[in-house]
Structures are given as C-alpha cells and as structure tokens.
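The structure under discussion appears below in the form of structure tokens.
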Amino acid sequence: MSDFAHYKQEIVNTCHTLLQRGYLKATEGNISTRIRGQNAFAITPSNYDYSKMQADDICILDHGTKPIESRMKPSIESGMHAGAYQARPDVHAIIHTHQPYASALALIKMPIPSLFDEQVRFLGRTVDIIPYAPSGTIFLKNAVKSKIMNGNNAYILQNHGVLVFGGDMEHAIHNMALLEKCALTYLLALLSEKKVSKIPFPIREIMFAKLREDQKKFAELS
Ligand SMILES: [Zn+2]
C-alpha cells in the first residue's frame with residue numbers, strides 16, 4: 001500500500017460526500033490535503049468525474065507541483081493549492097467549488113461582512129473577493145497568495161467560485177458549508193434592500209481571536 005493511501009482515501013471520501021450534498025458537480029472544483037512533514041500535498045486529478053474517483057486516481061505533488069506519485073494529470077489549480085500551503089502553515093485541507101450562492105456573490109463582487117458569530121469564528125472577519133484571473137494560471141495563484149495572508153479561511157473568486165481552508169478536512173468541509181449558508185442568507189437580506197446589520201465589533205474580535213488560536217495549533221502540525 002502507498003505511503004499516501006490515507007491521504008488519497010480521505011480526498012475520495014470527501015469528493016463523494018460533497019457530490020452527494022450537491023456542492024460538487026461532475027468534474028467542477030478540486031480538493032487537496034497537506035501531507036505532513038513532506039512539503040507535499042494530495043489533490044484531485046484534472047477533469048475527472050467525482051462519481052468514478054478512486055484512491056489511485058489522486059495525485060501526490062510537491063509544493064513546486066512536481067509529481068511525486070501521480071498516474072493522472074493533476075488538477076489545473078494545483079499551483080493555487082501549492083501556493084496556499086506554502087503561505088499558510090495552518091492550512092491542512094483546501095476545497096475549491098463552484099457552489100451557487102457564494103458564486104452569485106462572485107458575480108456581483110460582493111464580499112460578506114461579519115454577519116454571524118460562527119462565521120467569524122470559523123471563516124474569519126470577512127469573506128473577501130479575490131480579483132478575477134483565468135483558471136490554472138500564475139495570475140490566479142498570485143492573486144490568491146496576495147489575499148490569503150489576512151488569515152481568513154474562506155474567499156470568493158470573482159466570476160469563478162470559492163476557496164475554503166481548514167486545519168483538517170473535517171473543518172474544511174464544515175467551513176465550505178458554513179460559507180454557503182452565509183452567502184445564501186446575505187443574498188436574501190440584500191434582496192430586502194434594507195440595511196444589513198453586522199455583529200458588534202468586540203464580539204467579532206473575540207471570535208476572530210478564537211480562530212487564530214486554532215490556526216496556531218494547526219500550524220504546529222505542518
Ligand atoms: Zn474552479
């Protein structure tokens with residue numbers, strides 16, 4: 001059995017879970033996980049149906065996106081994932097989807113302010129928009145890298161989809177679902193054309209401090 005079998009299986013299980021829950025469709029999006037202590041990560045292959053995916057299809061790459069163990073072509077967004085793992089030692093799992101409600105905000109370039117306690121606790125102070133760059137390019141990788149140092153765990157990619165981080169895969173899945181809930185409720189509130197209220201500033205800072213504490217613990221595991 002491959003040294004990476006555990007990481008590969010975790011990605012396959014996540015793909016199947018997200019497919020069932022409707023967050024992933026056919027071949028859209030990509031999922032990765034950091035391989036501890038090796039400057040490497042496991043990632044889904046390019047343009048391959050999630051319903052057929054098996055552990056052997058998952059690609060293992062180093063942080064320069066050089067294949068370590070890979071019989072399939074890796075996701076075209078591998079560079080974006082590698083950049084995030086290099087820049088953020090607290091990040092151990094990354095989910096990129098085209099989930100519809102957050103993607104609607106991606107079209108109107110509307111960041112999500114601090115709406116809910118749990119949002120700030122797990123996603124960060126705001127969900128910012130990362131400016132548009134074509135998929136799979138160094139321009140998108142650089143746009144992501146320049147934004148993610150603010151320590152948040154969820155971002156909206158303009159005219160594209162979302163990028164969500166977790167200290168492990170379980171947290172990444174939770175954060176992705178939480179982002180979609182926040183995006184939907186924010187869109188509904190915006191439709192009312194009334195003023196959207198935010199959580200009080202001191203509460204926001206207490207919640208964000210808790211997220212920072214978690215991130216410090218996860219960073220020590222890298
Ligand atoms: Zn995409």
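The values are calculated or read from the model by the stated rules, or taken from the named source; none is laboratory data. None of these values were measured; they are calculated from a predicted model. Using ideal geometry, Cβ is built from the backbone for each residue, glycine included, and neighbour counts are taken over all protein chains shown. Accessible surface areas use protein heavy atoms only, side chains included; no ligands, DNA or RNA. Shrake-Rupley method; radii C 1.70, N 1.55, O 1.52, S 1.80 Å.
Farthest toward the positive end of the dipole of the chain, out of ILE206, GLY136, PHE218, is the Cα of ILE206, where the dipole comes from beta carbon charges about the Cα centre. Which of LYS73/LYS145; LYS147/LYS181; LYS66/LYS198; LYS8/LYS198; LYS73/LYS198 have a Cα-Cα distance over 32 Å? Going by Cα-Cα distance, LYS66/LYS198; LYS8/LYS198; LYS73/LYS198 fall outside the 32 Å limit.
Annotation for ASN13 and ARG71: the two label points, set 7 Å from Cα along the Cα-Cβ direction, are 2.2 nm apart. Once Lys and Arg get +1 and Asp and Glu get -1 on their Cβ, which of GLN86, ILE60, SER70 lies farthest toward the positive end of the dipole of segment 38-180? Result: GLN86. Calculated mean residue ellipticity at 222 nm for the chain: -13500 deg cm²/dmol, from DSSP H runs with n ≥ 4 weighted as -39500 (n - 2.57), summed, divided by the residue count and rounded to 500.
When DSSP beta bridges are restricted to pairs lying wholly in the chain, around 90% turn out antiparallel. The antiparallel fraction among DSSP beta bridges confined to segment 103-222 stands at about 60%.
Nearest 0.05, what FRET efficiency do ASN150 and GLU118 give at R0 = 30 Å with Cβ-Cβ as r? Efficiency computed from Cβ-Cβ geometry: 0.95.
For the chain, the solvent-accessible area of protein heavy atoms averages 47 Å² per residue (probe radius 1.4 Å; ligands and nucleic acids excluded). To the nearest 10, the accessible area of GLU118 is 80 Å² with a 1.4 Å probe.
Using only the alpha-carbon atoms of the chain as identical scatterers, what base-10 log of I(q)/I(0) does the Debye formula give at q = 0.14, 0.18 Å⁻¹? Once normalised to I(0) and log-transformed, intensities are -0.81, -1.33. Think of each Lys and Arg Cβ as +1 and each Asp and Glu Cβ as -1; about the Cα centre, that makes the dipole of the chain roughly 580 debye. The distance between label points at SER222 and HIS98 comes to 3.1 nm (points 7 Å beyond Cα on the Cα→Cβ vector). Relative contact order of segment 46-154: 24 percent, from C-alpha pairs under 8 Å at least 6 residues apart in sequence.
Give the distance, in whole Å, between the Cα centre of segment 106-144 and the Cα centre of segment 48-80. A separation of 24 Å, based on Cα centres. The calculated FRET efficiency for the pair THR27 and GLU213, based on their C-beta separation and a Förster distance of 30 Å, comes to about 0.20. Counting only DSSP beta bridges whose two residues both lie in segment 92-163, roughly 65 percent are antiparallel.
If I compute solvent accessible area with a 1.4 Å probe over the protein chains, what percent of it on segment 11-170 is carbon and sulfur? Percent of accessible area from carbon and sulfur atoms in segment 11-170: 50.
Scanning the chain for helices, which whole DSSP H stretches are 20 Å or more long along the axis (Cα) and average -1.0 or more by Kyte-Doolittle? Passing helices, by number: 5-21, 169-191, 201-219.
Taking all Cα pairs closer than 8 Å and separated by 6 or more residues, the relative contact order of the chain comes to 21 percent.
One decimal place: the segment GLN54-SER197 gains 47.0 nm when fully extended, by the rule 0.36 nm per residue minus the C-alpha distance.
Net length available on complete extension from SER46 to ILE206 is 53.6 nm, with 0.36 nm assigned per residue and the Cα-Cα distance removed.
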